[in-house]
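Notes follow once the structure below has been shown.
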Amino acid sequence: MGRMTATTPRRVLLAAPRGYCAGVDRAVIAVEKALEQYGSPVYVRHEIVHNKYVVQTLEKKGAIFVEDTAEVPEGSIVMFSAHGVAPTVHEEAAERKLATIDATCPLVTKVHKEAVRFAQDDFDILLIGHEGHEEVIGTSGEAPDHITLVDGPEDVAGVEVRDPSKVVWLSQTTLSVDETMETVGALKEKFPLLISPPSDDICYATQNRQIAVKQMGADADLVIVVGSKNSSNSVRLVEVALGAGANDAHLVDFAEEIDEAWLEGVSTVGVTSGASVPEVLVDGVLAWLSERGFEDVEIVKSAEESITFSLPKELRRDLRAEAAALSEK
């Protein structure tokens, strides 16, 4: 691409929807409400959502993030992240006499219930997802003897099942739709009787954000995705942007991480954010771009989102009293 001239128009294509999904919003508010109701500390097992800024902000308010339930003192309150946990984690919490708040996204809970139901019917469950991701670990823990992880189409050749007539696929909710369906296609070639889940496991927010990026990708010289590197859905947005025709795409947590060299020869910048990203971070990127001449902002809208989830039921109880009672037993 040639160098820009002084008259080359500079514009920003801003994806809509972007940022917080209903499950993330619910989880973040749940931590804030728990701190308001019960005071600090409230322990959170793993990052409540995969976003550096959100975690740092909640830490300042008094949340303590731990990697393992064993790090939580007996008689304390612990919250489980939006990604969900295996049943063994609930058992560990009970053994340590902890009061728990389950902030698992309801869409992840749906996948957990599907895994349990198909395992009860003695199906082999092929879970499409990324090894080591917290959501995959939690879902696998619901039926460990029935679930086989399939981490992309390249894994399909090595998949073995007991009965090819009793096989179903489920998926991590934050994957790329295209990537997932490519894996499903390979699985169906190997197992023609493969059953699909009763509803699409990839969450509505992940799909909507990917569709918006596809719509603007072909028109963007550069796409900036706001999100953390450990956020699966944010990483996927970079891949989707490049696949849609963007010349370049990068993932940043904050505006100051943008390299001015990326703007060389660029007249159109696409901007979006992952489902765990607060809008204040997008505003920072837009301000950064505006200072460099990218003041014209056009909205690229792919869907309306009106879904909300109620807060975890545990926030309607006196958990401090419950934790004290448990520790006395």
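The alpha-carbon of Lys97 sits under 17 angstrom from the alpha-carbons of these aspartates and glutamates, leaving out residues fewer than 8 places away in its chain: Asp68, Glu71, Glu74, Glu314, Asp318, Glu322, Glu328. For a straight C-alpha distance cut-off of 17 angstrom, the lysines reachable from Lys166 (same-chain residues fewer than eight places away being disregarded) are Lys188, Lys190.
Taking 8 Å as the Cα distance limit and 6 or more residues as the minimum spacing, I'd like the relative contact order of the chain as a percentage.
On the way: 655 pairs, mean separation 88.9, N = 329.
Relative CO of the chain lands at 27 percent.
Probe radius 1.4 Å, ligands and nucleic acids ignored: give me the carbon and sulfur share of the accessible area of region 103-186 as a rounded percent. Using a 1.4 Å probe with all protein chains present, region 103-186 comes out at 52 percent carbon and sulfur. Hydrodynamic radius of region 70-161 by the Kirkwood approach over all distinct alpha-carbon pairs: 14.2 Å.
When ligands, DNA and RNA are left out and all protein chains stay put, how many square angstrom of accessible area per residue does region 135-209 have with a 1.4 Å probe? Could you put the intermediate results ahead of the total?
Details: 3260 Å² over 75 residues.
On a per-residue basis, region 135-209 sits at 44 Å².
Please report how far the C-alpha centroid of region 90-141 lies from that of region 175-245, rounded to the nearest whole angstrom. So the two Cα centres are separated by 22 Å.
Note on exposure: Leu222, Leu251 ranked by accessible area (1.4 Å probe, complete protein assembly) read Leu251, Leu222, with the most exposed listed first. Full extension of the chain between His90 and Val280 yields a length gain of 65.0 nm, computed as 0.36 nm times the residue separation minus the alpha carbon distance. The share of alpha-carbon pairs in region 141-188 lying farther apart than 15 Å comes to 46%.
Listed by chain and number, the lysines whose C-alpha is less than 16 Å from the C-alpha of Lys61, apart from same-chain residues fewer than 8 away, are Lys33, Lys52.
The accessible area of Lys61, taken with all protein chains in place and a 1.4 Å probe, comes to roughly 110 Å². Calculate the FRET efficiency for Glu328 and Thr148 from the Cβ-Cβ distance with a Förster distance of 45 Å, rounded to the nearest 0.05. It comes to 0.55. Each residue of region 188-193 was assigned a 3J(HN,Hα) from its phi angle through the Karplus curve 6.51 cos²θ - 1.76 cosθ + 1.60 (θ = phi - 60°); the sequence is 5, 5, 7, 10, x, 8 Hz, with glycine and proline shown as x.
Work out how much length Glu32 to Thr57 would gain on full extension: take 0.36 nm times their residue separation and subtract the Cα-Cα distance, in nm to one decimal. Intermediate values should be presented prior to the final figure.
Values: separation 25, 0.36 × 25 = 9.00 nm, distance 1.02 nm.
In short, 8.0 nm is gained.
Extension gain, Ser196 to Glu182, is 3.7 nm, computed as 0.36 nm per intervening residue step minus the present C-alpha separation. Once you have a ≥ b ≥ c as the square roots of the Cα gyration tensor eigenvalues for region 209-324, tell me rounded if a/c is under 1.5, and otherwise prolate or oblate according to whether a/b is larger than b/c. Here region 209-324 falls in the prolate category. Each residue was assigned an accessible area with a 1.4 Å probe, and for Glu239 the value is about 90 Å². Loop-located trypsin sites (Lys or Arg not before Pro) in region 153-212 (DSSP state other than H, G, I, E, B) with a sparse environment of at most 11 neighbouring Cβ atoms within 10 Å: Arg162. Across region 8-95, counting alpha-carbon atoms alone, Rg and Dmax equal 16.3, 65 Å.
Sorting Asp122, Asp145, Asp151 by solvent-accessible area of protein heavy atoms yields Asp145, Asp122, Asp151, largest first, with a 1.4 Å probe.
For region 144-289, what Kirkwood radius comes out of the mean inverse Cα-Cα distance, in Å? Don't skip to the answer; put the middle values down first.
Numbers: mean 1/r = 0.0595 Å⁻¹.
Final number for the Kirkwood radius of region 144-289 is 16.8 Å.
Each label was represented as a point 7 Å from its Cα along the Cα-to-Cβ direction; for Ala218 and Glu74 these points are 6.4 nm apart. The protection proxy used here, the mean number of other Cβ atoms lying within 10 Å of each residue, ranks peptides 197-208, 97-108 as follows, highest first: 97-108, 197-208.
Sorting Ile29, Ile307, Ile224 by solvent-accessible area of protein heavy atoms yields Ile307, Ile29, Ile224, largest first, with a 1.4 Å probe. Summing charges over all other residues whose Cβ lies under 9 Å from the Cβ of Ala119, with Lys and Arg as +1 and Asp and Glu as -1, gives -3. Counting only Cβ charges, +1 for Lys and Arg and -1 for Asp and Glu, the dipole size of the chain around its Cα centre is about 800 debye.
The values are calculated or read from the model by the stated rules, or taken from the named source; none is laboratory data. None of the values given here were measured: they were computed from a predicted structure. We place every Cβ from the backbone using ideal geometry, glycine too, and count neighbours over all the protein chains shown. Quick note on the areas: whole protein, heavy atoms, side chains included, nothing else; ligands and nucleic acids left out. Shrake-Rupley method; radii C 1.70, N 1.55, O 1.52, S 1.80 Å.
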